[in-house]
Structure formats: structure tokens, C-alpha cells
Amino acid sequence: AFHRSSIARIAKSTVLREFDKQLRLLKQYRNYYLSDKLGNWFQEFSGKHDLPYTLLGNPDNTIRLNGELIGRNYLHAFMAIDNWSKKIEFEQVRSVLEIGGGFGCFAHSLLHLFPNIRSYVYVDIPPMLYIGTQYLKAFFGDRILDYTDHCQKKKKGVHKEAKLVTAVPPWELENVVETVDLVVNNNSFQEMNIDVIDFYFSEIVRLINGVDDPHLCLTMYESLNDKLLPFQA
């Protein structure tokens, strides 16, 4: 009865208003901090590149850098790409395998920044694979070979033509035959067990076979969770 009372409604609305206020302050201070730490870097990076649109779907997890609002996941993608570019000439990359592509922001970033990439294999598990496929279709339309298309073409023995991204679940990775010169994994390897990682690396070795100068790009995050694999493992 108390939870249905007017007193409870007033109490809940008061708590929610205070929570929203604290959340707004948190985001405001985070923006100040990141602008101070990353403002100069972001100005230089955005000056070198035509950045992709990062606000599709009106995400809540955003950051304002130098007055520009961007999706936070894209900030992580930009930082990783910029860091790896010290060792890799992305302008020379033709084909990419991304394992654990999430909702697709890294693939979108890399393909937008480097249109020289002609083939991108995006791997994840359901339902994330579907979400990421639909997200990438919003930008690349029918240049996405989704899971249904992939299975139909495999049955008919038809080679994919003029497709930029092939979206496949792990169990279909063995049916990908095109070689890749860049392999990417953002964080998810440390969330797998060794047997699963062994499977992926056997596929990686197969897909880079014959490539002159392949690269493997990894990001990992720090955590006290003992269920995550340490970097040494």
C-alpha cells in the first residue's frame, strides 16, 4: 500500500530528479576532464580525417570534445586506430577480419576513414551479430552480406560480389575463403576461454596464409575480475 501512496510517489520522483541531476553533473565533469586530456589530440585527429557520424540511434553514452558531441564507443575506436597507425599503414590495407565486432562502430570507423579497404569480415555471436549487421546496413546498405545471404550463397555455390562487409557467426568463419591482411579484436579475447581463442587463432592463421605482411591488432581493458584472462595468457 505504501508504494502506491502519494508519499511514495513524491519520494521516488525526488530521488529520480536528484539521480538525473548527479548524472548530468557526472557527464559534465567527464567532458571537462576528457577535453583537457584529449582535446589537443582530438583536434589533430579530426583535422587529419573526415570523421564518421557517431550519433545514429541517439545514444546516451556520449562525450563532448572541443564542443563536438560524439558517441563514446567511437572515441575508443578513433584512439585505437590512431595508436595502431603508428605501426600500420592503413592506407595499404585491403581486407580486414574483426572478431567480436560488437554493434559495428569500429568497422564503421575503419571503413569510413580508409575507403581503400575492399573486404571486411565481421564476426560476432547472436544476437549482437544481427544488431551490428543492421547498424552497418544503415551506413552501407546492400553492400552488407548478412547471415541469411551468406547461407543462401554458400548453398548455391555463388561467390559474393561487390560486397564490402560479410557478417558471419563463429561457426561460419571456416567458410570464409578470402585472405585478410589485418585482424582486429577489441577486448573480447580476454572474455573467452583458451579453447575458443585457439579456434579463432587457427582460423586467423588460415586466413593470413600467403599474405606478405599481416597484422594483428588487440585492445584489452584493465579489470580486477579474475574470470577475465590476463594479458600474459
Q: Using a cut-off of 15 Å between beta-carbons, work out the net charge of the residues near PRO126 (Lys and Arg +1, Asp and Glu -1, PRO126 not included).
A: -3
Q | Within a Gaussian network of the chain (alpha carbon springs, distance under 10 Å), most fluctuating of VAL123, VAL205, VAL96 | A | VAL205
Q: Would you mind telling me the share, in percent, of accessible area of the chain contributed by carbon and sulfur at probe 1.4 angstrom?
A: 55 percent
Q) If one computes the Cα centroid of the stretch 1-70 and of the stretch 197-233, what distance in Å separates the two points? A) 33 Å
(Q) Counting heavy atoms of the protein chains only and a 1.4 Å probe, report the per residue accessible area for the stretch 1-120 as a whole number of Å². (A) 61 Å²
Q: Only Lys, Arg, Asp and Glu count, each charged at its Cβ (+1, +1, -1, -1), so figure out the dipole size of the stretch 161-233 about its Cα centre, rounded to 20 debye.
A: 140 debye
Q: Compute the long axis of helix 128-140 from its Cα atoms, compare it with the longest principal axis of the Cα atoms of the chain, and write down the angle in degrees, 0 to 90, nearest 10.
A: 80 degrees
Q: Provide the packing ranking of 186-199, 16-29, 109-122, i.e. peptides ordered by the mean count of other C-beta atoms within 10 Å per residue, highest first.
A: 109-122, 186-199, 16-29
Q. Over all Cα pairs of the stretch 1-155, how is the pair count split among 5 Å bins, expressed in % and running from 0 up to the last occupied bin?
A. 2, 7, 13, 17, 15, 12, 11, 7, 6, 4, 3, 2, 1, 0
Q | Nearest-10 value in Å² for the accessible area of MET79, using the 1.4 Å probe | A | 80 Å²
Q) Could you give the angle, 0 to 90 degrees to the nearest 10, between helix 72-84's Cα long axis and the longest principal axis of the Cα atoms of the chain? A) 40 degrees
Q: Please give the solvent-accessible surface of ASP146 in Å², to the nearest 10, using a probe radius of 1.4 Å with every protein chain present.
A: 30 Å²
Q) Rounded to the nearest 20 Debye, what is the dipole magnitude of the chain about its Cα centre when Lys and Arg each give +1 and Asp and Glu each give -1 at the C-beta? A) 1140 debye
Q. Ordering THR166, THR179 from largest to smallest accessible area (1.4 angstrom probe), what's the sequence?
A. THR179, THR166
Q | Solvent-accessible surface (1.4 angstrom probe) belonging to TRP171, in square angstrom, nearest 10 | A | 140 Å²
Q) Once amide H atoms are placed 1.01 Å from N in the peptide plane, what residues at a sequence separation of 5 or more from VAL184, or on another chain, have their amide H within under 5 Å of its amide H? A) LEU97, GLU98, ILE99, CYS217
**Q.** DSSP-defined beta bridges in the stretch 42-148 - what % are antiparallel, rounded to 5
**A.** 45 percent
Q: Just name one of PHE2, LEU111, TYR122: the one whose Cα is farthest towards the positive end of the charge dipole of the stretch 1-123 (beta-carbon charges, Lys/Arg +1, Asp/Glu -1).
A: PHE2
Q: Net charge near ASN116: determine it from the other residues with C-beta under 12 Å of the C-beta of ASN116, scoring Lys and Arg +1 and Asp and Glu -1.
A: -1
**Q.** Across LYS87/LYS227; LYS48/LYS86; LYS87/LYS137, pairs whose alpha-carbon gap is larger than 22 Å
**A.** LYS87/LYS227; LYS87/LYS137
Q. For the stretch 26-152, what is the charge dipole size about the Cα centre, in debye to the nearest 20, if Lys and Arg each add +1 at the Cβ and Asp and Glu each add -1 at the Cβ?
A. 280 debye
Q. Where Lys and Arg each count +1 and Asp and Glu each count -1, what net charge lies around ASN187 among other residues with Cβ under 15 Å from its Cβ?
A. -2
Q: Enumerate the whole-percent occupancy of each 10 Å bin, from 0 to the last occupied one, for all C-alpha pair distances of the stretch 1-69.
A: 17, 32, 23, 15, 9, 4, 0
Q. So for TYR147, TYR130, what's the accessible-area order with a 1.4 Å probe, most first?
A. TYR130, TYR147
Q: Place +1 on the Cβ of every Lys and Arg and -1 on the Cβ of every Asp and Glu in the chain, take the dipole about the Cα centre, and give the residue among ILE99, ALA11, SER85 whose Cα lies farthest towards its positive end.
A: ALA11
Q | Listed residue (PHE42, TYR32, LEU216) projecting farthest to the positive dipole end of the chain, Cβ model | A | TYR32
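The values are calculated or read from the model by the stated rules, or taken from the named source; none is laboratory data. From a predicted model like this one, the values you see are computed outputs, not experimental measurements. Here Cβ is always computed from backbone atoms with ideal geometry, including for glycine, and neighbour counts include all displayed protein chains. Protein only, heavy atoms only, side chains kept; ligands, DNA and RNA dropped before computing areas. Shrake-Rupley method; radii C 1.70, N 1.55, O 1.52, S 1.80 Å.
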